[in-house]
Amino acid sequence: MAQVETIIEDSRWEDAALQARAAKACGVVFEILGLDSQFEVSVLGCDDTRISGLNDTFRQKAAATNVLSWPSTDLAPDVSGGIPSAPNLADPELGDIAISYDTCKREAADQAKEFDDHVTHLLVHGTLHLLGYDHETDKDAALMEGLETRILAKLGISDPYL
């Protein structure tokens, strides 16, 4: 299992079992990518007000979003569609993820998705960002989305991009 520290700022995340869901999602990401389970991820379960402030501070976008991530080390590849560098166990902290209950709940309803499945997808998505994956170009998006689909299938969740 992955080393996941979960901080719950919004108690609705306790009912949604964020801690267990994050550990499972990160664990399968690590398994699929062949990473050591000693890597560490921090997850903040918050609401739209908190994530909007974080989004404004770090991305200059004063709006709520579903998930944000802050990698500890830039592992991004040098070429579009390339595989990111492997993290180093000498620095096991991969980074931090923040996830908003309000936005996740609203998006799941709007997209007719199960809330738990949507949250799990976003945790996988955020973890992949910590590992240097992105979706800024078509090649990067194809790589990341394909990996997300594979990881989610292992978790019993259907392809969110269909």
Query raised in the report: Out of residues 5 or more away from residue 5 or on other chains, whose amide H comes under 5 Å of its own, with H placed 1.01 Å from N in the peptide plane?
Result: 41, 42, 43
Query raised in the report: residue 24: which lysines have alpha carbons under 22 Å from its alpha carbon, excluding same-chain residues fewer than 8 sequence positions away?
Result: 105, 113, 154
Report task. Over the chain, with every protein chain in place, what whole percent of the accessible area is carbon and sulfur at 1.4 Å, could you tell me? Result -> 46 percent
Report task. Could you state the orientation-averaged shadow area of the convex hull built on the Cα atoms of segment 66-162, in nm² to one decimal? Result -> 6.4 nm²
Query raised in the report: What is the distance in Å between the Cα centres of segment 96-162 and segment 70-93?
Result: 19 Å
Query raised in the report: Heavy-atom accessible area per residue, segment 30-153, 1.4 Å probe: how many Å²?
Result: 49 Å²
Requested in this report: Compute the relative contact order of segment 70-146 as a whole-number percentage, counting only Cα pairs closer than 8 Å that sit 6 or more residues apart in sequence.
Outcome: 42 percent
Query raised in the report: What is the projected area of the convex hull of the Cα atoms of segment 1-46, averaged over all directions, in nm²?
Result: 2.8 nm²
Report summary line: Residues meeting the amide H criterion for residue 93 (H placed from the backbone, H to H distance under 5 Å, 5 or more places apart or on another chain) are 40
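The values are calculated or read from the model by the stated rules, or taken from the named source; none is laboratory data. Since we're looking at a predicted model, the values are computed, not measured. With ligands, DNA and RNA removed, areas are computed over all heavy atoms of the protein, side chains included. Shrake-Rupley method; radii C 1.70, N 1.55, O 1.52, S 1.80 Å.
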